[in-house]
Amino acid sequence: NTDTRDVAATTSQIAELAEAGADLVRVSCPDKESALNVEQLVKRSPVPLIADIHFDHKLALIALDGGIDCLRINPGNIGSRKRVAEVVQAASARKVPIRIGVNAGSLDKDLLAKYGEPCADAMVESGLEHIRILEDLNYQEIKISLKASSVAMTVEAYRKLSKLVDYPLHLGITEAGGMLPGSVKSAIGLGLLLSEGIGDTLRVSLSANPVEEVR
């Protein structure tokens, strides 16, 4: 959760997370400066890095050029098919995975109008729409997350999607809270899914130092 424009601070936190046992670390790339720093961060990181990108496909292209190991990006939110195709073409060279990150708190207006409120079915439909965009471009290096702050909604969404696709699923309860409530909510939600054989990667999201998330 450091400012990715600050290479020293971000490198330091990546090292702390890796030391704590994180196998992957995600960095946010909200602007050009942070995306350009990806190259330095990748060179210094002891673990693979994921670039979290919203709306601007050019930032994804910069991160890919910098050697990023994975993208967290929603294809339907970065504009035209041509822009998505540019990202896919750049990712194809190294088979860089694209994680589709559906969040109950930021669903498309059309889906909210259809379902009336955030729900598991709306999250699943959103995920399938984003998957379809990549599949139409013949790109299947995909993993997907369906996160909500509600444990019940999250579990229902993952259960439904797991029956529809074979792509790796990244588990998490979003905005889970502080150390104690966040740990309890995550343990219940992620524990239920993992006990059913659902899930391939996971993150415990806490409003705390990210090293505490690993622990």
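The values are calculated or read from the model by the stated rules, or taken from the named source; none is laboratory data. Keep in mind that this is a model prediction, so the values were computed, not measured. In this analysis, Cβ positions are derived from the backbone assuming ideal geometry, glycine residues included, and neighbour counts consider all displayed protein chains. The accessibility values were calculated without ligands, DNA or RNA, using every heavy atom of the protein model including side chains. Shrake-Rupley method; radii C 1.70, N 1.55, O 1.52, S 1.80 Å.
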Residues of segment 47-61 classified as assigned to a helix (DSSP H, G or I) and surrounded by fewer than 23 Cβ atoms within 10 Å (Cβ to Cβ), total
3
Would you say Val42 is assigned to a helix (DSSP H, G or I), touching an Asp or Glu at 6+ places or on another chain (Cβ under 8 Å), crowded, with 16+ Cβ neighbours inside 10 Å and not small (Gly, Ala, Ser)?
yes
Of all residues in segment 62-102, how many are part of a strand (DSSP E or B) and either in contact with a helix residue (DSSP H, G or I) (Cβ under 8 Å, 6 or more places away or on another chain) or modelled with pLDDT under 90 (or both)?
4
Checking the conditions here, which among Val124, Val155, Val165, Val151 is in contact with a helix residue (DSSP H, G or I) (Cβ under 7 Å, 6 or more places away or on another chain) and under 21 Å from Lys109 (Cβ atoms)?
Val124
Cβ pairs under 9 Å, 6+ apart or interchain, first in segment 53-72 and free of Cβ contacts under 8 Å to residues at least 24 places away in the same chain and on the phi < 0 side of the Ramachandran plot, second surrounded by fewer than 19 Cβ atoms within 10 Å (Cβ to Cβ) and not in a loop (DSSP other than H, G, I, E, B), ordered by first then second residue, are Asp56/Lys32
Taking the condition buried (at least 19 other Cβ atoms within 10 Å of the Cβ), of a type in the set (Asp, Glu) and out of contact with any Gly (no Cβ under 6 Å at 6 or more places or on another chain), does Asp65 pass?
no
(1) surrounded by fewer than 20 Cβ atoms within 10 Å (Cβ to Cβ); (2) under 19 Å from the mean Cα position of the chain (by Cα); (3) modelled with pLDDT of 95 or more all hold for Cys29 apart from (1)
So which residues in segment 174-214 are among the charged types (D, E, K, R) and at pLDDT 90 or above?
Lys185, Glu196, Asp200, Arg203, Glu212, Glu213
Go through the residues of segment 106-123 one by one and say whether even a single one is open to solvent by 70 Å² or more (accessible area, probe 1.4 Å), among the hydrophobic types (A, V, I, L, M, F, W, C) and more than 17 Å from the chain's Cα centre (by Cα).
yes
